[in-house]
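The values are calculated or read from the model by the stated rules, or taken from the named source; none is laboratory data. This structure is a prediction, so every number in the text was calculated from the model and none was measured. Neighbour counts run over all protein chains shown; Cβ positions are idealised from the backbone, glycine included.
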Amino acid sequence: MWQVIRELVSRGITIFLTTQYLEEADQLADRIAVLDHGKVVAEGTADELKRLIPGGHISLRFADPTAFDLATNALRDSSRNDETLTLQVASDGSVRSLRALLGRLEYESIEVADLTIHTPDLDDVFLALTGNASQEHQKEAVR
């Protein structure tokens, strides 16, 4: 079905799609409207909606406890997981914030084994805007 919709859109046809699957909306919609109890609470592109809410972070994993402890001291606003030797640092996911974080670690001579960047997805957006975890609320994607 997704391919059929993409083909129609590529021909210039406007599609109005209602879906409860936010991944589907993220993949297919040029513009998205989020409804809560029948009222539009936000609208825009998927990226615009994702930037509306906090919740992004960078997860850093360290190979040894010494590097982990050094990083914990250098990055005081992070949350730590001693079991997995990971730190979670709040971030907007931008290149600028990633460079600043890595620059700080390089300045402190702290070696990172692995990192991942998490930016809010449309599920995070829906929950933040509606305050409701129920999948029964209507979410619409407008193309």
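Among the listed residues 31, 80, 99, 51, which satisfies the condition of being of a type in the set (Lys, Arg) and farther than 30 Å from residue 131 by Cβ? Steps first, please.
Details: 31 fails: farther than 30 Å from residue 131 by Cβ; 80 fails: farther than 30 Å from residue 131 by Cβ; 51 fails: farther than 30 Å from residue 131 by Cβ.
Matching residue, one of 31, 80, 99, 51: 99.
Just wondering, is there one or more residues in segment 51-70 that are of a type in the set (A, V, I, L, M) and either free of Cβ contacts under 8 Å to residues at least 40 places away in the same chain or within 30 Å of residue 4 (Cα to Cα) (or both)? Give the steps one after another, and end with the answer.
Going residue by residue through segment 51-70, those that are of a type in the set (A, V, I, L, M) are 52-53, 58, 60, 63, 67, 70.
Going one step further and asking which of them are either free of Cβ contacts under 8 Å to residues at least 40 places away in the same chain or within 30 Å of residue 4 (Cα to Cα) (or both), we end up with none.
The answer is no; no qualifying residue exists.
Which residue is nearest to the chain's Cα centre (by Cα), if the candidates are limited to segment 1-48 and must be acidic (Asp, Glu) and not in a strand (DSSP E or B)? Reasoning before the result, please.
So the first thing to find is which residues in segment 1-48 are acidic (Asp, Glu), and the list is 7, 23-24, 26, 30, 36, 43, 47-48.
If we keep only those that are not in a strand (DSSP E or B) as well, we get 7, 23-24, 26, 30, 47-48.
Numbers: 7: 28, 23: 12, 24: 15, 26: 12, 30: 18, 47: 9, 48: 11 Å.
Among those residues, the one meeting the criterion is 47.
Just the residues that are surrounded by 14 or more Cβ atoms within 10 Å (Cβ to Cβ), more than 24 Å from residue 48 (Cα to Cα) and of a type in the set (Ser, Thr, Tyr), please, taken from segment 78-118.
Hits for segment 78-118 are 78, 86.
Does residue 52 meet the test of being closer than 29 Å to residue 94 by Cα and among the hydrophobic types (A, V, I, L, M, F, W, C)? If you could, list the steps in order and put the result at the bottom.
Working: closer than 29 Å to residue 94 by Cα: yes; among the hydrophobic types (A, V, I, L, M, F, W, C): yes.
Against the criterion (closer than 29 Å to residue 94 by Cα and among the hydrophobic types (A, V, I, L, M, F, W, C)), residue 52 qualifies.
Evaluate the following for residue 47: is it modelled with pLDDT under 95, surrounded by fewer than 13 Cβ atoms within 10 Å (Cβ to Cβ) and under 20 Å from residue 122 (Cβ atoms)? Steps first, please.
Working: modelled with pLDDT under 95: yes; surrounded by fewer than 13 Cβ atoms within 10 Å (Cβ to Cβ): yes; under 20 Å from residue 122 (Cβ atoms): yes.
So residue 47 fits the description; yes.
In segment 89-122, how many residues are in contact (Cβ under 8 Å) with a residue 60 or more places away in the chain, farther than 13 Å from residue 60 by Cα and not aliphatic (A, V, I, L, M)?
So the first thing to find is which residues in segment 89-122 are in contact (Cβ under 8 Å) with a residue 60 or more places away in the chain, and the list is 117-122.
After this cut, where a residue has to be farther than 13 Å from residue 60 by Cα as well, the list is 119-122.
Right, trim to not aliphatic (A, V, I, L, M) and you get 119-121.
Looking only at that region, the number is 3.
Quick check: is even one residue across segment 77-88 out of contact with any Leu (no Cβ under 8 Å at 6 or more places or on another chain) and either in a helix (DSSP H, G or I) or in contact (Cβ under 8 Å) with a residue 40 or more places away in the chain (or both)?
Checked segment 77-88: no residue is out of contact with any Leu (no Cβ under 8 Å at 6 or more places or on another chain) and either in a helix (DSSP H, G or I) or in contact (Cβ under 8 Å) with a residue 40 or more places away in the chain (or both).
Go through segment 50-63 residue by residue and tally those that are at pLDDT 95 or above and surrounded by fewer than 17 Cβ atoms within 10 Å (Cβ to Cβ).
Selection size over segment 50-63: 2.
Yes/no matrix, rows are residues, columns are (1) acidic (Asp, Glu); (2) in the same structural domain as residue 107 (by TED's automatic domain parsing); (3) buried (at least 17 other Cβ atoms within 10 Å of the Cβ); (4) within 30 Å of residue 107 (Cα to Cα):
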position	(1), (2), (3), (4)
9	no, no, no, no
23	yes, no, no, no
29	no, no, yes, no
32	no, no, yes, no
40	no, no, no, no
43	yes, no, no, no
66	no, yes, no, yes
76	no, yes, no, yes
